[in-house]
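The values are calculated or read from the model by the stated rules, or taken from the named source; none is laboratory data. What you see is a predicted model; the values in this text were computed from it and never measured. Because the Cβ atoms are built from the backbone with ideal geometry, glycine has one as well, and the counts that use them run over all protein chains shown.
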Amino acid sequence: MIGVVLRRVASAMPVLLIVSLITFSLMRLIPGDPAAAIAGLAATPQMIAQIRADLGLDEPFLVQMASWYGNLLQGSLGRSILLGKPVVDATFERLPVTLGLSAYAMVLTLLIGLLSGIIAALRQNTMIDQIAMAFAMIGISLPSFFLGLLMIILFAVHLGWLPSGGYVPFWSDPWGWFRAMTMPAVSLAMLQAGLLARITRSTMLEVLRQDYIRTARAKGLPPRRVIFRHALANALIPITTVIGIIISLMISGSVVTEALFSLPGIGQLLTQAVLGRDYPMVQGGLLLVTALLVMVNILVDVAYALLDPRVRYE
Amino acid sequence: MSEIALAAVAEPADDLAEDVPEKRVHPAVATFKRLFHHRLFITGLVLFGVIAIAAALAPWITTANPNRLAMRSKFLPPGEDWIFGTDSFGRSLWARTLYGAQLSMMIGGSVVLINAIFGTLVGAVAGYFRAADNALMRVNDALMAFPAILLAIAVTAVLGPSTMNVIIALGIVYVPRTARIVRASVIVLREMEYVQAAVAAGAGHWRILRRHILPNAMAPMIVQLSFLFAYAVLSEATLSFLGVGAVPPTPTWGGMMAEGRDFMRDAPWIIAIPGVALMITVMGLNMLGDGLRDVLDPRLRIQQ
């Protein structure tokens with residue numbers, strides 16, 4: 001087991017190295033003078049020179065790279081230009097919003113996706129199956145921000161049941177958090193729930209065709225036991241591997257969800273950094289979020305190895 | 001009882017024996033036949049086709065300029081004079097939706113083309129040449145580790161917002177995903193006996209790749225590309241909704257929906273019309289992809 005963890009961490013190292021190289025190169029790929037691009041159109045030459053010196057852009061390329069990695073090893077990703085504080089602090093301040101939203105959406109995704117996928121598989125080719133799969137198709141095709149806008153029009157503007165946006169910290173007002181996060185979480189969960197329902201259904205169908213299911217039925221086990229102990233337990237194992245993809249999709253989706261519902265999370269932080277040409281923030285935030293995702297994927301793989309002994313003894 | 005059953009079986013079997021040699025068709029024809037009997041595929045083709053044709057014929061369907069401002073006719077609901085109504089600047093939403101379709105198709109098509117070329121190239125080289133595999137796939141993994149939209153936003157931030165740069169950004173985001181799928185099929189095909197036979201016959205690497213491996217790796221790729229078209233259209237709309245896509249006043253569905261946000265109480269059609277158009281396009285492509293997958297490659301279940 002420890003071998004699996006070590007191997008997985010070792011294989012993530014080159015990925016993280018290349019990820020950090022790509023994010024480092026990003027700012028250097030700005031056409032023309034990055035300092036002038038950051039300073040904007042109204043900047044004086046002195047301001048541009050100041051920015052260039054602050055960001056170390058006047059140093060030779062290799063020196064810049066060395067100091068980028070030197071800072072990285074000390075846990076520093078530079079300072080945000082717009083916010084005037086370290087990128088790491090700015091990111092971790094906003095993280096709870098995005099994590100809360102993603103966790104809520106994840107619960108919805110698993111509930112809707114797994115349940116409808118399992119039911120559709122057990123009732124293959126019936127009306128129930130077709131309705132579930134039609135909803136899954138709508139889920140993967142309906143743009144989350146369109147669904148969000150429709151919900152705002154209905155539940156916030158016309159019915160007035162839920163706030164149309166804004167964030168309430170969970171610890172100060174759990175009910176307010178729940179009300180504020182419900183529409184964002186639903187619109188964020190749709191795509192992943194649809195994907196998960198489709199994958200669960202086809203995995204379940206595959207498992208139900210296996211010989212051991214027939215054996216279990218033949219030896220007279222009650223259907224409930226066959227479904228839960230034999231089919232579901234084996235179908236869920238390959239499904240865990242898509243959890244990593246689902247989390248990545250969720251972080252992607254939260255960018256637009258946060259913008260739509262004015263939630264001060266990571267997505268909004270980075271979008272505003274992009275629009276404000278706050279390149280250190282874009283770079284550092286992107287690297288941090290991606291590194292977190294890589295770690296999540298390691299955890300998913302370890303969980304997979306825990307659940308499936310075949311992976312462990314490979 | 002069993003005699004009747006046997007008779008019932010025996011009769012068509014006789015017919016079959018005579019018919020089979022005559023009905024033998026080219027595999028490509030058989031595939032097309034199966035596709036055109038696939039309900040989901042046909043539905044998808046119709047949905048996507050309507051949008052694609054509307055986009056292609058935009059200059060002929062509407063004479064209105066999508067960017068012409070008419071302050072006196074703003075916020076008109078859909079009706080006789082203005083089929084889809086007008087937006088906050090009095091621009092025709094019919095014209096803007098049609099030209100928005102054109103842009104979506106153009107960007108989606110370009111991203112698909114970029115993926116077909118570079119995704120195949122990278123995937124084939126990584127899958128076939130073991131020496132190149134490790135290095136190429138590590139870069140691939142790194143690019144796939146970024147959340148898709150965040151990487152696309154960062155790339156457009158670096159290159160500047162424009163239609164061309166959106167295409168480049170989405171290309172960078174999605175080529176690694178396509179390359180992965182191509183590589184997976186190439187690795188399997190590389191070990192096939194007919195490939196060994198080709199090696200034994202003295203065929204060169206490129207000839208083997210081109211003639212023996214890639215044609216057989218096409219099926220999963222075509223399926224992937226139709227889903228990719230859907231992702232690309234959706235991502236482009238997301239980028240323009242966030243304000244980092246094509247520059248206003250270029251008509252984009254995402255941009256139109258972002259502009260409609262401030263007026264959603266009184267003029268919800270400004271959001272609804274491009275939203276529905278976007279949904280029809282994406283759903284049509286997803287159905288097309290499902291149909292293609294069922295017919296071309298039943299084993300490929302999990303997309304992405």
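Annotations
- All conditions but one from (1) touching a helix residue (DSSP H, G or I) at 6+ places or on another chain (Cβ under 8 Å); (2) within 14 Å of chain B (Cβ to nearest Cβ) apply to A:R209; the one that does not is (1).
- B:R138 being within 12 Å of chain A (Cβ to nearest Cβ) and either surrounded by fewer than 22 Cβ atoms within 10 Å (Cβ to Cβ) or at pLDDT 90 or above (or both): yes
- Any hit, segment B:89-96, residues being surrounded by fewer than 22 Cβ atoms within 10 Å (Cβ to Cβ), closer than 30 Å to B:D266 by Cα and not hydrophobic (A, V, I, L, M, F, W, C): yes
- Of the residues making up segment A:240-297, just one is of a type in the set (S, T, N, Q), buried (at least 20 other Cβ atoms within 10 Å of the Cβ) and farther than 30 Å from A:Y69 by Cβ, namely A:T257.
Residues checked against (1) modelled with pLDDT under 85; (2) more than 19 Å from A:V107 (Cβ to Cβ); (3) within 20 Å of the chain's Cα centre (by Cα):
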| position | (1), (2), (3) |
| --- | --- |
| A:T203 | no, yes, no |
| A:R229 | yes, yes, no |
| A:T241 | yes, yes, yes |
| A:F261 | no, no, yes |
| A:G285 | no, yes, yes |
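- Only residues that are among the charged types (D, E, K, R) and not in a loop (DSSP other than H, G, I, E, B) were counted in segment B:252-270, giving 3.
- Selection from segment A:21-33 of residues that are of a type outside the set (K, R) and either at the interface with another protein chain (Cβ under 9 Å from one of its Cβ atoms) or without any contact (Cβ under 8 Å) to a residue 60 or more places away in the chain (or both): A:L21, A:I22, A:T23, A:S25, A:L26, A:M27, A:L29, A:I30, A:P31, A:G32, A:D33
- Any hit, segment B:130-142, residues being touching a residue at least 60 places away in the same chain (Cβ under 8 Å) and farther than 21 Å from A:V294 by Cβ: no
- Residues (over 27 Å from the mean Cα position of the chain (by Cα) and assigned to a helix (DSSP H, G or I)) located in segment A:12-41: A:P34, A:A35, A:A36, A:A37, A:I38, A:A39
- The set of residues in segment B:157-169 that are in contact (Cβ under 8 Å) with a residue 24 or more places away in the chain and within 7 Å of another protein chain (Cβ to nearest Cβ) contains only B:A157.
- Some residue of segment A:254-261 being more than 10 Å from chain B (Cβ to nearest Cβ), over 21 Å from A:F135 (Cα atoms) and touching a strand residue (DSSP E or B) at 6+ places or on another chain (Cβ under 7 Å): no
- Near pairs, Cβ below 6 angstrom, 6+ apart or cross-chain, from segment A:159-181 (loosely packed, with under 14 Cβ neighbours inside 10 Å) to any residue that is polar (S, T, N, Q): A:G166/A:S262
- Filtering segment A:72-86 to residues that are of a type outside the set (S, T, Y) and either in contact (Cβ under 8 Å) with a residue 12 or more places away in the chain or surrounded by 14 or more Cβ atoms within 10 Å (Cβ to Cβ) (or both) leaves A:L72, A:G75, A:L77, A:G78, A:R79, A:I81, A:L82, A:L83, A:P86.
- Residue match in segment A:299-309 (condition: part of a helix (DSSP H, G or I) and at the interface with another protein chain (Cβ under 10 Å from one of its Cβ atoms)): no
- Tallying residues that are within 18 Å of B:V139 (Cα to Cα) and in contact with a Gly (Cβ under 9 Å, 6 or more places away or on another chain) within segment B:171-186 yields 11.
- Subset of segment A:102-149 (residues that are without any contact (Cβ under 8 Å) to a residue 40 or more places away in the chain, within 14 Å of chain B (Cβ to nearest Cβ), more than 15 Å from A:M183 (Cβ to Cβ) and among the hydrophobic types (A, V, I, L, M, F, W, C)): A:A134
- Near pairs, Cβ below 9 angstrom, 6+ apart or cross-chain, from segment B:276-294 (without any contact (Cβ under 8 Å) to a residue 12 or more places away in the chain) to any residue that is surrounded by 23 or more Cβ atoms within 10 Å (Cβ to Cβ) and aromatic (F, W, Y): B:V276/A:F146; B:M279/A:F146
- Cross-chain or 6+ apart pairs with Cβ under 7 Å, segment A:212-231 first and surrounded by 14 or more Cβ atoms within 10 Å (Cβ to Cβ), then of a type in the set (K, R): A:V226/A:R217
- Flag for B:A154 being at the interface with chain A (Cβ under 10 Å from one of its Cβ atoms) and part of a helix (DSSP H, G or I): yes
- Selection count, segment A:267-283, where residues are at the interface with chain B (Cβ under 9 Å from one of its Cβ atoms) and at pLDDT 85 or above: 6
Conditions tested, residue by residue: (1) more than 23 Å from the chain's Cα centre (by Cα); (2) surrounded by fewer than 20 Cβ atoms within 10 Å (Cβ to Cβ); (3) under 30 Å from B:I181 (Cβ atoms); (4) away from chain A (no Cβ under 11 Å).
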| position | (1), (2), (3), (4) |
| --- | --- |
| B:F227 | no, no, yes, no |
| B:V233 | no, no, yes, no |
| B:A237 | no, no, yes, no |
| B:V247 | yes, yes, no, yes |
| B:M257 | no, no, no, no |
| B:R265 | yes, yes, no, no |
| B:P274 | no, no, no, no |
| B:A277 | no, no, yes, no |
| B:T281 | no, no, yes, no |
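- From A:L6, A:L16, residue being more than 10 Å from chain B (Cβ to nearest Cβ) and at pLDDT 85 or above: A:L6
- Residue match in segment B:109-118 (condition: more than 13 Å from chain A (Cβ to nearest Cβ), in a loop (DSSP other than H, G, I, E, B) and surrounded by fewer than 23 Cβ atoms within 10 Å (Cβ to Cβ)): no
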